[in-house]
Amino acid sequence: MDKRRDAVAMTPSPTLGTPALETPMIDIDPEAAHHYCWDDLPKEPLKGTITRRLITSERMMLAQIFLQKGDDVPRHSHENEQLTYVLTGALQFWLGAHDERELIVRAGEVLVIPSHLPHRARALEDTLDVDVFCPPRQDWLDGTDAYLRS
């Protein structure tokens, strides 16, 4: 079965004619919402010419990752689920402890990486990708992500 259809099938959606479930309204201060402009956030330098910007909330993290052609992200894994959305460029991924699966993710494509799946990547061209993590990457917040800093 097509993996893209599997991902869509996992997303709950109301059936026609069935009323949507309502979420109770909670009185939360509107000032709790935060607005960001990517260009106002500093780029954090990492391994090689990789840089990133982070926005984080209590339960999610959003990151812009800038890679130049040839930059590589060493094999690693993490408890966090990850969505990688390539906006420009292309990334080659190797998935699994022994690179059992290889694929290329190009502009306009998304890769869903489950928790704990070992993976590594290489930029095939200058690339901007947006990564979403749930929960937020604590190692990125506290600077203990040595695999990206060496």
Residues located in region 91-123, provided they are within 16 Å of THR51 (Cα to Cα) and among the hydrophobic types (A, V, I, L, M, F, W, C): LEU91, ALA121, ALA123
Checked LEU91, LEU128, LEU83 against criteria (over 16 Å from LYS43 (Cβ atoms) and open to solvent by less than 40 Å² (accessible area, probe 1.4 Å)); the one match is LEU91
Does at least one position in region 136-150 carry a residue that is of a type in the set (Asp, Glu), at pLDDT 95 or above and touching a helix residue (DSSP H, G or I) at 6+ places or on another chain (Cβ under 7 Å)? yes
Where ARG101 falls short, out of the listed (1) open to solvent by 30 Å² or more (accessible area, probe 1.4 Å); (2) within 30 Å of ALA32 (Cα to Cα): (2)
So ILE113, is it open to solvent by 30 Å² or more (accessible area, probe 1.4 Å), β-branched (Val, Ile, Thr), in contact with a strand residue (DSSP E or B) (Cβ under 6 Å, 6 or more places away or on another chain) and over 20 Å from TYR36 (Cβ atoms): no
Mind telling me which of the residues ILE65, ILE55 ends up being free of Cβ contacts under 8 Å to residues at least 24 places away in the same chain and part of a strand (DSSP E or B)? ILE55
Give, as residue ranges, the strands (runs of 3 or more DSSP E) completely inside region 96-150 that count at least 1 residues that are in contact with a Leu (Cβ under 9 Å, 6 or more places away or on another chain) and among the small types (Gly, Ala, Ser). 119-123
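Looking only at region 50-69, which residues are touching a helix residue (DSSP H, G or I) at 6+ places or on another chain (Cβ under 9 Å) and either open to solvent by 60 Å² or more (accessible area, probe 1.4 Å) or farther than 14 Å from ARG149 by Cα (or both)?
ARG53, LEU54, ILE55, THR56, MET61, ALA63, GLN64
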Given (1) open to solvent by 20 Å² or more (accessible area, probe 1.4 Å); (2) assigned to a loop (DSSP other than H, G, I, E, B), HIS78 misses just (1)
Answer yes if at least one residue in region 34-41 is open to solvent by less than 80 Å² (accessible area, probe 1.4 Å) and not in a helix (DSSP H, G or I), and no otherwise. yes
Considering every residue within region 86-98, establish whether at least one is within 11 Å of the chain's Cα centre (by Cα) and in contact (Cβ under 8 Å) with a residue 40 or more places away in the chain. yes
Of the numbered conditions (1) at pLDDT below 95; (2) surrounded by 11 or more Cβ atoms within 10 Å (Cβ to Cβ), PRO14 fails exactly one; give the number of that condition. (2)
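The values are calculated or read from the model by the stated rules, or taken from the named source; none is laboratory data. None of these values were measured; they are calculated from a predicted model. With ideal geometry, Cβ positions are generated from the backbone for all residues, glycine too; neighbour counts draw on all protein chains shown. With ligands, DNA and RNA removed, areas are computed over all heavy atoms of the protein, side chains included. Shrake-Rupley method; radii C 1.70, N 1.55, O 1.52, S 1.80 Å.
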